[in-house]
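Readers should treat all values here as calculations from the given coordinates under stated rules, not as data from a laboratory. Keep in mind that this is a model prediction, so the values were computed, not measured. Positions of Cβ are backbone-derived with ideal geometry, glycine not excepted, and every protein chain shown enters the neighbour counts.
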Amino acid sequence: MPNTLIAGKRAQDWANLVLGVCLFLSPWVIGFAVDAVPTWNAWIAGIVLGALAIAALSAFAEWEEWVNMVIGLWLIVSPWLLGFMANMNAMWTHVILGVLVAALSAWAVWDYRHPQSHA
């Protein structure tokens, strides 16, 4: 495996760790901590993202990226499925971070399956 492939995964995993921390802190920073449903959703998803990122940093596994993608997609649709779409701060935080997580995960899977693109 080329070093750039490993470095690319590490950058994506570090980015997912940062996004997980941002998601966990978002109820206080963005100001929706008084709304329990999006707050707990952000905390749980943030912890899972952070744990997966730490696991991927120590030993990459493709399944971790697929789980991250599912979490990203969940974050995108959760405002509607959990009924907090009227809380604009919470809704946009979840959607934007979800898009970023899903995109990073798709990029990591692409890199893993197409190592020749780094030659």
Pick from V37, V29, V21: which is most flexible by mean-square fluctuation in a GNM of the chain where alpha carbon atoms under 10 Å apart are linked? V29
In whole percent, what relative contact order does the stretch 3-118 give with Cα contacts below 8 Å and a gap of six or more residues? 33 percent
Kirkwood Rh, Cα Rg: Rg to Rh for the stretch 3-118? 1.02
Most fluctuating residue given options A90, A42, A59, as computed from a GNM of the chain linking Cα atoms under 10 Å: A59
Candidates G31, G72, G98: whichever shows maximal mean-square fluctuation once the chain is modelled as a Gaussian network with Cα springs under 10 Å: G31
Estimated dipole of the chain in Debye, rounded to 20 [Cβ of Lys and Arg +1, of Asp and Glu -1, Cα centre]: 100 debye
